[in-house]
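To keep things clear, I will list the structure first and then write my remarks on it.
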Amino acid sequence: MDISLVGSVNMDLVYRVPYVVRAGETLHSTSYNVHFGGKGANQAVAASQLGANVHFIGKVGADDLGDQAIKNLKDRGVYIDSIQKEGVTGQAIIQVTDAGDNAIVLFPGANFLVTREQIEQEADIIASSKALLLQLEVPLDTVEKAVNIAAQHGKIVILNPAPSQKLPDSLLKNVTVLTPNETELAQLTGIEATTEENLRAACSQLLDKGVGTVVVTLGSKGSFYMNREESGWVQALNVEAVDTTGAGDAFNGAFAVGLCQGNTLRNSIEFATKVSAFVVTQMGAQPLIPHSIME
């Protein structure tokens, strides 16, 4: 169950606030914490904890934060031989409200220094993995290169299109599963998924572009999935959210594990839903996931 992952590594500076600060306002934070983050690292740690051999391809800064981030990944069982050092480690400034919502300012740093050439150097890792998992916190042409290599070797390609941006059809046609949230789906298709009819229309547009399956995460409304053979809803679990940071990343990491284990699409989504529901009850984007969650 090897997963290659091309993605970002950040340090998260997390501030607890009563509400997200408004323009021109100064707001007191009630607490402050530093957590390991980055969508790529979050997904890698989740998948590793759930039993996958995760080979991380990315960059951190040539600084103390980069050393700490690499050590954290290694300690969490992630293979780090394909992580290079250059520039300054990426950082995220995160406001977390008392209701568990968040707002994030992202400084990409070394993540934007991940190049096509680095991906080419790691082509054997991608070719020998069962699945490739990616996000959009590294340059888009780097993502395209990795996806092309995986597609050439018939690998499962899971793309979490976050942060949202327009994607070329040449990339989408090689994606096995696309996992946008509601906002990202609208950005990709121009269709606001305010009704199930609109949701299906947006997913159909992406299927027409060559995407194999679309899984839309909709927060408390659960998830909607659709491909040429099936479609349906998976309900969200009712939990008390403490911090929603990293919930989507945990979903994607767990979903990749489910598919690599040979589970059905629906069962993989249900497993991912269970893992992400646990993560929102914990502070930080990379909490320890109990072994019991896999039972």
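Rounded to a whole number of µm²/s, how large is the Stokes-Einstein D of the stretch 153-295 at 4 °C and 1.567 mPa s, given Rh as the Kirkwood radius over C-alpha pairs?
84 µm²/s
Near Lys71, which aspartates and glutamates are there with a Cα under 14 Å away, not counting those fewer than 8 places off in the same chain?
Straight-distance partners of Lys71: Asp63, Asp81.
Quick one: which residues, 5+ away or cross-chain, put their amide H under 5 Å from the amide H of Asn10? H built at 1.01 Å from N.
The list, which skips near neighbours in sequence, is Gly37, Gly38, Ala41.
Would you mind ranking Ile83, Ile293 by Cβ crowding within 10 Å, fewest neighbours first? Each step should come with its number before you reach the end.
Details: Ile83 23, Ile293 15.
Lowest to highest Cβ neighbour count: Ile293, Ile83.
Using the Karplus curve 6.51 cos²θ - 1.76 cosθ + 1.60 with θ = phi - 60°, what ³J(HN,Hα) values do you get for each residue of the stretch 208-219, in whole Hz, with x for Gly and Pro?
So the Karplus estimates, Gly and Pro as x, are 5, 7, x, 4, x, 9, 10, 10, 9, 8, 10, x Hz.
Could you list Glu196, Glu86, Glu229, Glu184 in order of exposure, starting from the residue whose Cβ has the fewest other Cβ atoms within 10 Å?
Glu229, Glu196, Glu86, Glu184
Once phi is turned into ³J(HN,Hα) by the Karplus curve 6.51 cos²θ - 1.76 cosθ + 1.60 with θ = phi - 60°, what whole-Hz value does each residue of the stretch 182-189 show in order, with x for glycine and proline?
4, 5, 5, 4, 5, 5, 6, 10
Most mobile of Gln152, Gln43, Gln135 per a Gaussian network model of the chain (Cα springs, under 10 Å)?
The residue with the greatest mean-square fluctuation here is Gln152.
For the stretch 74-148, give the magnitude of the charge dipole about the Cα centre (Cβ charges: +1 Lys/Arg, -1 Asp/Glu; no others), in debye to the nearest 20.
Using Cβ point charges on Lys, Arg, Asp and Glu, the stretch 74-148 gives about 140 debye.
Output the Cα-based Rg and Dmax of the stretch 94-196 in Å, rounding Rg to one decimal and Dmax to a whole number.
Cα radius of gyration and Dmax of the stretch 94-196 are 15.4, 46 Å respectively.
Per DSSP H run of n ≥ 4, the term is -39500 (n - 2.57); total these for the chain, divide by its residue number, and report the mean residue ellipticity at 222 nm rounded to 500 deg cm²/dmol.
Mean residue ellipticity at 222 nm (helix-derived): -10000 deg cm²/dmol.
So which trypsin sites (Lys or Arg not before Pro) in the stretch 200-295 are both in a DSSP loop and have at most 15 other Cβ atoms within 10 Å of their Cβ?
Arg228
Residue by residue through the stretch 266-281, which ³J(HN,Hα) values in whole Hz follow from phi under the Karplus form 6.51 cos²θ - 1.76 cosθ + 1.60 (θ = phi - 60°), with glycine and proline marked x?
5, 5, 5, 5, 4, 5, 4, 5, 5, 5, 5, 5, 5, 4, 5, 8
Using modelled amide H (1.01 Å from N, peptide plane; none on Pro or chain starts), what sits under 5 Å from the amide H of Thr213, excluding residues fewer than 5 places away?
Result for Thr213 returns Val177, Leu178.
With 10 Å bins from zero, work out the P(r) of the stretch 27-175 over every alpha carbon pair and list the percent per bin.
10, 39, 35, 12, 2, 0
With 26 Å as the limit, write out which pairs from Lys155/Lys221; Lys74/Lys130; Lys85/Lys173 have Cα-Cα distances beyond it, or answer none.
Table pairs above 26 Å Cα-Cα are Lys155/Lys221; Lys85/Lys173.
Just going by the charge dipole of the stretch 132-219, with Lys and Arg at +1 and Asp and Glu at -1 on Cβ, which of Thr183, Val215, His153 is farthest out on the positive end?
Looking along the dipole axis, the top candidate is His153.
Let me spell out the model: positive unit charges on the Cβ of Lys and Arg, negative unit charges on the Cβ of Asp and Glu, origin at the Cα centre of the chain. What dipole size does that give, in debye rounded to 20?
That gives a dipole near 260 debye.
Looking at the chain only, what percent of DSSP beta bridges run antiparallel? Nearest 5 please.
Antiparallel: roughly 40 percent of the beta bridges in the chain.
Can you tell me which of Thr115, Thr195, Thr245 moves the most in a GNM of the chain? Springs connect C-alpha atoms under 10 Å apart.
Answer for the Gaussian network model of the chain: Thr195.
The numbers here are math on the coordinates, done by the rules we state, and not lab data. Predicted model, so just to flag it, every value in this text is computed and none were measured. In this analysis, Cβ positions are derived from the backbone assuming ideal geometry, glycine residues included, and neighbour counts consider all displayed protein chains.
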